[in-house]
1. Mind ranking Ser5, Ser62, Ser150 by accessible surface for me, highest first, 1.4 Å probe?
2. So how do 132-143, 78-89, 9-20 stack up, highest first, on mean other-Cβ count within 10 Å?
3. How many angstrom separate the Cα center of the stretch 141-164 from the Cα center of the stretch 30-71?
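The values are calculated or read from the model by the stated rules, or taken from the named source; none is laboratory data. The shown structure was predicted, so the numbers you read here are calculated from the model rather than taken from an experiment. So basically every Cβ, Gly included, is an ideal-geometry build from the backbone, and we count neighbours across all protein chains shown. Keep in mind that these areas ignore ligands, DNA and RNA; they rest on the heavy atoms of the full protein, side chains included. Shrake-Rupley method; radii C 1.70, N 1.55, O 1.52, S 1.80 Å.
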Amino acid sequence: QSSKSQARVGRLHTPHGVVDTPGFVAVATNGALKGVDFRDADEAGQQLVFSNTYHLMLHPGSETIREAGGIHKFTNRRNRPFITDSGGFQVFSLAYGSVQEELSQKGELKRTGKKSEHQSLGKDAVKVSENGVVFRSYRDGSKFLLTPESTVDAQKDIGADIIVPLDELPPYHIDR
């Protein structure tokens, strides 16, 4: 524990290696790093890589990654851990756009015909219910349901060492 604050260091032990905390987590949204390959990142000491479940579900698909032997074999990064998210942030970004857009729109959902710097899929881009979230793919417009159970199943298919259950990022204007 730090003598200056409540901060402390830790170690996470996963099936594919140890992660020291705090630490830098590289982002491989679609299962690939940009600007450097996994071998070079690992040689530089990169312990943990973050991949996005939503994007991996859309392409190539969590089942495809499972059939390839999981993300470690799929990416040929076999001895270092991966963390995946739930897709919950995409609920926010597809429904509201960027944080700047959400602030300027005062919480209004994106509407059909209103273009922004992000491609708008219209008012049907995201529908949240007690059962989960129905997304429209930004790739082809197809719909799929994301539930707390399905996001955990997808992350298990992907083979992440650390998974994040479905979360929802509420917009700024909500007071509860």
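1. Ser5, Ser150, Ser62
2. Top to bottom by mean Cβ count within 10 Å: 78-89, 132-143, 9-20.
3. 15 Å
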